[in-house]
1. With the requirement that a residue be within 14 Å of LYS167 (Cα to Cα) and crowded, with 18+ Cβ neighbours inside 10 Å, what does the stretch 253-280 give you?
2. Scan the stretch 23-45 for residues that are in contact with a Gly (Cβ under 6 Å, 6 or more places away or on another chain) and modelled with pLDDT of 90 or more and jot them down.
3. Let me confirm something: among LEU226, LEU187, LEU197, which residue is in contact with a His (Cβ under 8 Å, 6 or more places away or on another chain), closer than 23 Å to PHE337 by Cα and in contact (Cβ under 8 Å) with a residue 12 or more places away in the chain?
4. Assigned to a helix (DSSP H, G or I), at pLDDT below 90 and more than 30 Å from GLN67 (Cα to Cα), is that true of PRO182?
5. Limited to the stretch 91-130, what total is found for residues that are within 15 Å of SER276 (Cα to Cα) and of a type outside the set (Ser, Thr, Tyr)?
6. Pick out, from the stretch 232-349, the helices (runs of 4 or more DSSP H) lying fully within it that include 1 or more residues that are over 30 Å from PRO140 (Cβ atoms), modelled with pLDDT under 95 and β-branched (Val, Ile, Thr).
7. Among the residues of the stretch 211-231 satisfying the criterion of being surrounded by fewer than 21 Cβ atoms within 10 Å (Cβ to Cβ) and polar (S, T, N, Q), which is modelled with the highest pLDDT?
8. I'm told ALA160 meets every condition in (1) modelled with pLDDT under 90; (2) touching an Asp or Glu at 6+ places or on another chain (Cβ under 8 Å); (3) assigned to a helix (DSSP H, G or I) except one. Can you identify the failing condition by its number?
Amino acid sequence: MKLDGKIGIGQTIMLFMLTVGITNHVTVIPLLLSAAGRDAWLSVLIGAIPFAGWTCLLAFINSHLGQEPLHEWIKRTQSKWVSNLLLGPIVFALYMMALVHLIDTQTWTTVNYLPRTPEWFTALVLVVFCVIAANGGISPLGITSGVILPFVSILGFFIAFGNIPKKDYTLLLPFLQNGMEPVLHGLVYVGGGFTELIIVLLLQHHVRKPLHLSHYIAMLIIAIILTLSPLTGAIAEFGPVESTRQRFPAFEQWRLLSIGKNFENMEFFAIYQWLSGSFIRISLCLFLMVELMKIINPRKKTYTLVFLGFSMIAFTSLPFSDMHFMTFLSKVYYPLFMTLILVITLCIAGLVLSNRNRKRDTNHGS
């Protein structure tokens, strides 16, 4: 194992799987089911088509950075105000990615297995570990993901195949019973999940070898599978009506799992899956935020991470209901997040093209 402060391509993919997989399992699926019902799986397949093109755009940007950090490339090639205009919203998006999932984790923990534990304490424990991990750098995060992901994946296959006797995939049909409108409505949430692929672009300079188009396409396919599998499983096990009513459909599938007559109530395995993804996701977002803010001094970096972490805890302590939170996700967060990332990506691609043409003109002129 190389101790050069960087991670391998495999570790990058594992970080991505844990970071994006947890939100596609947990946050996106309930919103998708509420919007599109039985046809939610169609939203995923249809949404994959335009976002495949967007993924190619990410790979195009990646190929012209030469493994230079994105934020440094923007600062080097553009004015200060353009740099702030692009990097500021990315930092905000990363903060919201971490905050939204922290709130979701806090709610799930309280509802399912720690009802008498103060919610602020649950958030505090998780955030403390995430701040410590983010302060350690990208290499420990990559190693940690390599250790915990295999067990997360094994448990994923375990629940997927263990519940096959209880699944009826004919419940996925008939499709388009209510026309295309619900499917198109679901595209907003599908897009919100897929656009998190931008974290790979933010990480590319930490990878030992350059990332190529094939790596980006592979990660998009992984994101599609991580969304489709629990989504179709929820509909096949609970039906389109009951699954729409559930707050955490992926977790509810664990409640159905049993082995013979003697082994039941194995949903405690889901705690490992969920907290593994939450830990990596929040830690990675904190790490990237501090990096984009160009905080190099170790003491300032630690103070900034602590401030960001405790500000999230403060937000989770605000008096709002879970219904208000879900409304915020469906009406504000995912539409805004998807639009913001798409616009920023297009702007960066435009800057890359402009910079390439400028270099070409300079070479011709000389």
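The values are calculated or read from the model by the stated rules, or taken from the named source; none is laboratory data. Every value quoted in this text rests on a predicted model; they were computed, and no experiment measured them. All Cβ positions, even for glycine, are placed from backbone atoms using ideal geometry, and neighbour counts span all protein chains on display.
1. Passing the criteria: GLN253, TRP254, LEU256, LEU257.
2. VAL28, LEU32, ALA35, ALA36, ALA40, SER43, listed by residue number.
3. Only one candidate passes the filter, namely LEU226.
4. Working: assigned to a helix (DSSP H, G or I): yes; at pLDDT below 90: no; more than 30 Å from GLN67 (Cα to Cα): yes.
Considered against the rule, which asks whether it is assigned to a helix (DSSP H, G or I), at pLDDT below 90 and more than 30 Å from GLN67 (Cα to Cα), PRO182 comes out as no.
5. 13
6. 322-328
7. Filtering the stretch 211-231 for residues that are surrounded by fewer than 21 Cβ atoms within 10 Å (Cβ to Cβ) and polar (S, T, N, Q), the one modelled with the highest pLDDT comes out as SER214.
8. Only one criterion in (1) modelled with pLDDT under 90; (2) touching an Asp or Glu at 6+ places or on another chain (Cβ under 8 Å); (3) assigned to a helix (DSSP H, G or I) is unmet by ALA160, namely (2).
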